[in-house]
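Below is one structure, written out as structure tokens, with a few remarks after it.
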There are 2 protein chains.
Amino acid sequence: MKIAIDGMGGDNAPKAVVEGCIKALKEFNDIEIYITGPEESIKNELSKHEYDKNRIQIINATEVITTNEHPVMALRKKKDSSIVKALNLVKNKECDAIISAGSTGAFLAGCTLIIGRIKGIERPAIGPVMPGKNGAFMIIDAGANVDCKPQYLKQFGVMGKIYFENILGQKNPTVGLVNIGEEEEKGNELTKATYKLLKESDLNFVGNVEPREVPTGDVNVLVCDGFVGNTILKMYEGVAGTLLKTIKDEIMASTISKIGGLFLKPVFTSIKKKYDYKEYGGAPFLGVEGICIKAHGSSDSKAFKNAIKQTRIFYEHDIVNKIKKDINSNKTEE
Amino acid sequence: MKIAIDGMGGDNAPKAVVEGCIKALKEFNDIEIYITGPEESIKNELSKHEYDKNRIQIINATEVITTNEHPVMALRKKKDSSIVKALNLVKNKECDAIISAGSTGAFLAGCTLIIGRIKGIERPAIGPVMPGKNGAFMIIDAGANVDCKPQYLKQFGVMGKIYFENILGQKNPTVGLVNIGEEEEKGNELTKATYKLLKESDLNFVGNVEPREVPTGDVNVLVCDGFVGNTILKMYEGVAGTLLKTIKDEIMASTISKIGGLFLKPVFTSIKKKYDYKEYGGAPFLGVEGICIKAHGSSDSKAFKNAIKQTRIFYEHDIVNKIKKDINSNKTEE
């Protein structure tokens, strides 16, 4: 398969991007990479590594879209940006997938505007897979759609289920609705109406899931609007980060606790590994006419390599067509 | 002052409630308590303690509203419940404040329907104060209003500011809008419109606060709709709980780490204390014609005592009248 990589996306671009590509080429012999960005600077990074030159193409792009720019305006203005060039490779079927760690807004808008959404999908959605205590779980939508209708959320559930089943190998994954109460009648207008739709659907719907239960990972696919999903994602990062920082500060505050901290190093390493989002690659943007993976802005080369690994599985399992098929079969039923 | 206590509210009622009242009577000599519930069972609990009998009245109530009941229906049907009896004591000006650890839904609905809201307040809101890394912060609304208009959120900011300033002694506290992006133009329809209102207000508005930053406690009063606020509250509990449980499990998994765990006992005790919501008593329900405190369902006697302490400060600072004054002065300006 052919993968378009936004060479200038993310805090550590192009260095971490290029390193991730090199690692992936070594691990997977069935991929070719098209990396976009200023030719000289990408070449310079590549020159630090040994690799099969037939398997990496540099697509020159002189501009970069930053996270501070207005996504849609930037996409229109910067036709020669690394992200637009990468999106066009997928649009023109020169590549099968795109990965970017750049501006989330520009990436999501670009996937929808340039690559286009699947017919029948009302709103594409981003569905990161997160590490939970008892297993991985997906939040969909995690920020692409801040104002939603019940029907969108139902489709998020369908897309999330197909992705989770194929990529994480969980047959008939459970689907829950993020809500501030367990009972069917709880919540706001959106969740009350969505509950009914999910209950009537073919999904393995397990009802409302309170945010308190989210981090257990006991429910596989968690459906919500993008504002709530993004809040959950950021609270997850924020609370875990703050708490671990507090523990670290307290450990460093006395000699006794410093000694204890030494004994517990393997514990904290193991926890860090358990909650390492980098293991999961990037977040899939589902509902568009191509394989679109948003890597975390702070991705290192390992995260990039895992994102590439993820696009391979996405491709092998033909998820885009599976979503198409499911959405259209549901359409006829209604 | 006279305080009405729902003697049957919470997981540990009436035992923890009665114990909390006894502790408070010992600590504060200017309070009288009216405790509602089945006379015999309250008497039985009281008989285990020594106290000044002139300072506790039992108000017989034969029914209890559970958390599984529909709040408004239960309030209508169970006129002789401990919560309705306590609400009536405030409504009839026999008591100055009410504390309940019972059904949140019934308590909030009861405060609005029985005690009534302040004229000019569009929606009363619940604003728990939470422990943050660098200080306490308030989330308002944390669940009373799941579908909101921008004007409601502005009033939440005003009420939160008055409470925080008076109870936590923070002059001109900072007010932030919970949003999924820092820039003014980020968010959903509600937050975009609310941003404008808050910016134009007299509040010490510091702009959008991303959920990731919430746990730092760097912003004092965080304004949001009740669905988002409740999600934040429950994610805070859920992530912290899950993470600490994971650390505990990992520590217990090997002898080396068990030894390290022993060294770190003071660290974990200190963190537990730092993040102990019981220190803050209960969550104030602001915008109603009385002092209404919702204690946590799992409150122990210490949490009850602290909730009583909190109502005293609430009363001394005359917060209800300060809210009235501010809301009406804002009214004239507009």
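Odds and ends about this structure:
- Applying the condition of being aromatic (Phe, Trp, Tyr) and either more than 14 Å from every other protein chain (Cβ to nearest Cβ) or open to solvent by less than 10 Å² (accessible area, probe 1.4 Å) (or both) to region A:260-297 and asking which residue is nearest to B:Gly261 (Cα to Cα) yields A:Tyr280.
- Some residue of region A:75-86 being open to solvent by 20 Å² or more (accessible area, probe 1.4 Å) and touching a residue at least 24 places away in the same chain (Cβ under 8 Å): yes
- Residue within region A:102-109 that is over 24 Å from A:Val17 (Cα atoms) and open to solvent by 40 Å² or more (accessible area, probe 1.4 Å) present: no
- Remark: B:Ala61 falls outside the filter, which requires a residue to be open to solvent by less than 10 Å² (accessible area, probe 1.4 Å), small (Gly, Ala, Ser) and within 22 Å of B:Leu168 (Cβ to Cβ).
- Selection status of A:Asn134, outside the structural domain of A:Thr231 (by the TED database), in contact (Cβ under 8 Å) with a residue 12 or more places away in the chain and open to solvent by 40 Å² or more (accessible area, probe 1.4 Å): no
- Region B:202-215, residues that are of a type in the set (D, E, K, R) and within 14 Å of another protein chain (Cβ to nearest Cβ): B:Glu210, B:Arg212, B:Glu213
- Members of region B:141-184 that are part of a strand (DSSP E or B) and open to solvent by less than 10 Å² (accessible area, probe 1.4 Å): B:Val175, B:Gly176, B:Leu177, B:Val178
- Taking region A:150-208 as the range and being under 23 Å from A:Val288 (Cα atoms) and acidic (Asp, Glu) as the test, the residues that pass are A:Glu165, A:Asp202.
- Taken over region B:202-248, the criterion of being open to solvent by 30 Å² or more (accessible area, probe 1.4 Å) and part of a strand (DSSP E or B) is satisfied by B:Asn204, B:Phe205, B:Val206.
- Of all the residues in region B:9-25, those that are at pLDDT 95 or above and acidic (Asp, Glu) number 1.
- Check on A:Arg117, surrounded by fewer than 20 Cβ atoms within 10 Å (Cβ to Cβ) and either over 20 Å from the mean Cα position of the chain (by Cα) or in the same structural domain as A:Tyr152 (by the TED database) (or both): no
- Matching residues, region A:246-256, being touching a Lys or Arg at 6+ places or on another chain (Cβ under 9 Å) and at the interface with chain B (Cβ under 7 Å from one of its Cβ atoms): A:Thr246, A:Glu250, A:Ile251
- Qualifying residue in region B:256-277 (condition: more than 27 Å from A:Lys274 (Cα to Cα) and either in contact (Cβ under 8 Å) with a residue 60 or more places away in the chain or in the same structural domain as B:Ser103 (by the TED database) (or both)): yes
- Every pair of residues 6+ apart whose Cβ atoms lie under 6 Å, when the first sits in region A:47-74 and is within 14 Å of chain B (Cβ to nearest Cβ) and of a type outside the set (D, E, K, R) while the second is open to solvent by less than 50 Å² (accessible area, probe 1.4 Å) and not in a loop (DSSP other than H, G, I, E, B): A:Pro71/A:Gly105; A:Pro71/A:Ala106; A:Pro71/A:Ala109; A:Val72/A:Ala109; A:Ala74/A:Ala106
- Total residues in region B:151-201, condition touching a helix residue (DSSP H, G or I) at 6+ places or on another chain (Cβ under 8 Å) and away from chain A (no Cβ under 14 Å): 19
- Here B:Asn134 passes the criteria (1) under 17 Å from the mean Cα position of the chain (by Cα); (2) within 14 Å of chain A (Cβ to nearest Cβ); (3) polar (S, T, N, Q) except the one numbered (1).
The values are calculated or read from the model by the stated rules, or taken from the named source; none is laboratory data. This is a predicted model, so every value here is computed, not measured. Here Cβ is always computed from backbone atoms with ideal geometry, including for glycine, and neighbour counts include all displayed protein chains. Accessible surface areas use protein heavy atoms only, side chains included; no ligands, DNA or RNA. Shrake-Rupley method; radii C 1.70, N 1.55, O 1.52, S 1.80 Å.
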